[in-house]
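Undergrad: Starting off with a structure, shown below.
The values are calculated or read from the model by the stated rules, or taken from the named source; none is laboratory data. As the structure is a computational prediction, the values presented were derived from the model and not from experiment. Here the Cβ positions follow ideal geometry from the backbone for every residue, glycine too, while neighbour counts run over all protein chains shown.
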Amino acid sequence: MESRPILQIVSGFKPSTDGMGDFSRLLGHALWQQNHLRSHFLVYRRPAAPFEQAEIVPNTLSYPAEPTPAALRQHLAELLPKQPFHFALVHYGPYGYSSKGHPAAFVEVLEELAAKMPLLVFFHELFSAGKPWQRAFWTNSEQKRTMARLLRLSTAAFTSNSRYRERLEEFNPSHRPLTTIPIFSNIGEPANLRPLDQRARQLIIFGQATTRTRLYRERLATLEGICRSLQVEKVIDVGAGQTPFMPLTLANAPVQSSGYMEELQLSALMADSIAGVLGYWPDVWEKSGVMASYAAHALLPILVELEPRRVPKPSVVPYLLPEEVPALLTPDGALFSTKLQAAACAAHTYYQQHQSVNRCAQVIAKFSTQAASL
């Protein structure tokens, strides 16, 4: 099969910590394996440490001279004559290409690119909101206008959850194709996973430092209840950044901080754990790579709501809320009931059918074929 080169534009890339970069890298591998779509990653921000490009062969990578719209425009002017890309896939968030939340100049460059090739856009984030004394309040209008402009430029667009899709539809009078693809695991999808009763009785708390801190500061009693119900013997706090409210123990189980972990190391840890907790919001759970990683490793995914939201309950909920955990135990309080294992299996099955990287690649490839024929 003849390879078809595509251009993926992304904010950052390994070894930097960048969720969109990890997403694009793993998607690029799947697109090559399944569809012979070879990606060239145009990475907006060059990482501080060098990256060994042999890791992504046959895919390739390059960076603008600096992370500015002007440098991006110049880099595209040099890159495009060398390679006839079939289409571009842009991984977008308003702060990914402007640390202060002003993405308009970046999208002006994409408008020029859209005149030369079909543009597919994955909206990982949409726009910010805040109080009048916060920067997010003053950048909100520009971010909405820019999002709408980028949607109009796209041949097809994607986002991770139904709430984001509903918001995008409000800015989609021309009815651009818009598809929901939940985020897949950025740390792998191992096969031959062991059942819960053959794993260490340990629980993982994974996520950004801000959300982990909120869990310990605001939901400590909830975490205690989860650990008590699951008879947890160890809690492992995973992620970069300091969590100053992290306790020494939860329900008598010691809490250990692992800090940042490499993908393979973290995947092995998850594959030997029984449950994972995430502080998040239930109406947008599909955009969480952490929740996806829990499901991909067939452990029990538990979502602790950081604050109430006046939104309808999601139609699909392949995770547990803390109050649902005790009902999975046997009447005598034994841990490894069939209900507990069934809940973990249900989350894993849903992930494989709807969230996996292969599923995402299939959807992207379908639209890429249509875009390339235009």
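Undergrad: Taking into account only those residues within region 160-190 that are touching a residue at least 40 places away in the same chain (Cβ under 8 Å) and in a strand (DSSP E or B), which is surrounded by the fewest Cβ atoms within 10 Å (Cβ to Cβ)? Don't jump to the end; show me each part of the working.
TA: Just the residues of region 160-190 that are touching a residue at least 40 places away in the same chain (Cβ under 8 Å), to begin with: 160-164, 167-168, 177, 179-190.
Among the residues that remain, those that are also in a strand (DSSP E or B) are: 179-180.
Numbers: 179: 14, 180: 17.
Only one residue tops the list, namely 179.
Undergrad: How many residues, within region 78-97, are modelled with pLDDT of 90 or more, part of a loop (DSSP other than H, G, I, E, B) and either of a type in the set (A, V, I, L, M, F, W, C) or out of contact with any Lys or Arg (no Cβ under 8 Å at 6 or more places or on another chain) (or both)?
TA: 7
Undergrad: Checking the condition assigned by TED's automatic domain parsing to the domain that holds residue 337 and not in a strand (DSSP E or B), which residue from 258, 273 passes? Steps first, answer last, please.
TA: Working: 258 fails: not in a strand (DSSP E or B).
Only one candidate passes the filter, namely 273.
Undergrad: Confirm whether residue 293 is surrounded by fewer than 23 Cβ atoms within 10 Å (Cβ to Cβ), at pLDDT 95 or above, among the polar types (S, T, N, Q) and not in a loop (DSSP other than H, G, I, E, B). First the steps, then the outcome.
TA: Values: surrounded by fewer than 23 Cβ atoms within 10 Å (Cβ to Cβ): no; at pLDDT 95 or above: yes; among the polar types (S, T, N, Q): yes; not in a loop (DSSP other than H, G, I, E, B): yes.
Spelling it out, it is not the case that residue 293 is surrounded by fewer than 23 Cβ atoms within 10 Å (Cβ to Cβ), at pLDDT 95 or above, among the polar types (S, T, N, Q) and not in a loop (DSSP other than H, G, I, E, B).
Undergrad: I need every pair where a residue in region 31-56 that is assigned to a helix (DSSP H, G or I) has its Cβ under 6 Å from the Cβ of a residue that is crowded, with 17+ Cβ neighbours inside 10 Å and not acidic (Asp, Glu), sequence separation at least 6 or different chains.
TA: Correct list of pairs: 31/37; 31/361; 32/38; 34/361; 35/365; 53/61.
Undergrad: Could you check region 241-264 and list, in sequence order, the residues that are over 14 Å from residue 204 (Cα atoms) and of a type in the set (A, V, I, L, M, F, W, C)?
TA: Once the filter is applied, which keeps residues that are over 14 Å from residue 204 (Cα atoms) and of a type in the set (A, V, I, L, M, F, W, C), region 241-264 yields 245, 248, 251, 264.
Undergrad: Next up: Taking the condition touching a Phe, Trp or Tyr at 6+ places or on another chain (Cβ under 7 Å) and at pLDDT 95 or above, does residue 72 pass?
TA: Values: touching a Phe, Trp or Tyr at 6+ places or on another chain (Cβ under 7 Å): yes; at pLDDT 95 or above: yes.
Judged against the criteria, residue 72 is a match.
Undergrad: How many residues, within region 1-51, are over 24 Å from residue 71 (Cβ atoms), surrounded by 23 or more Cβ atoms within 10 Å (Cβ to Cβ) and in contact with a Gly (Cβ under 9 Å, 6 or more places away or on another chain)?
TA: 1
Undergrad: Output the residue which, of all residues in region 241-288 that are in contact with a Lys or Arg (Cβ under 8 Å, 6 or more places away or on another chain) and hydroxyl-bearing (Ser, Thr, Tyr), is farthest from residue 300 (Cα to Cα).
TA: Applying the filter and picking the extreme gives 243.
Undergrad: In region 84-109, how many are touching a residue at least 24 places away in the same chain (Cβ under 8 Å) and either hydroxyl-bearing (Ser, Thr, Tyr) or touching a His at 6+ places or on another chain (Cβ under 9 Å) (or both)? Steps first, please.
TA: Quick first cut of region 84-109, residues touching a residue at least 24 places away in the same chain (Cβ under 8 Å) only: 84-97, 100-109.
Subsequent filtering for residues that are either hydroxyl-bearing (Ser, Thr, Tyr) or touching a His at 6+ places or on another chain (Cβ under 9 Å) (or both) retains 85, 91-97.
Residues flagged as touching a residue at least 24 places away in the same chain (Cβ under 8 Å) and either hydroxyl-bearing (Ser, Thr, Tyr) or touching a His at 6+ places or on another chain (Cβ under 9 Å) (or both) within region 84-109 amount to 8.
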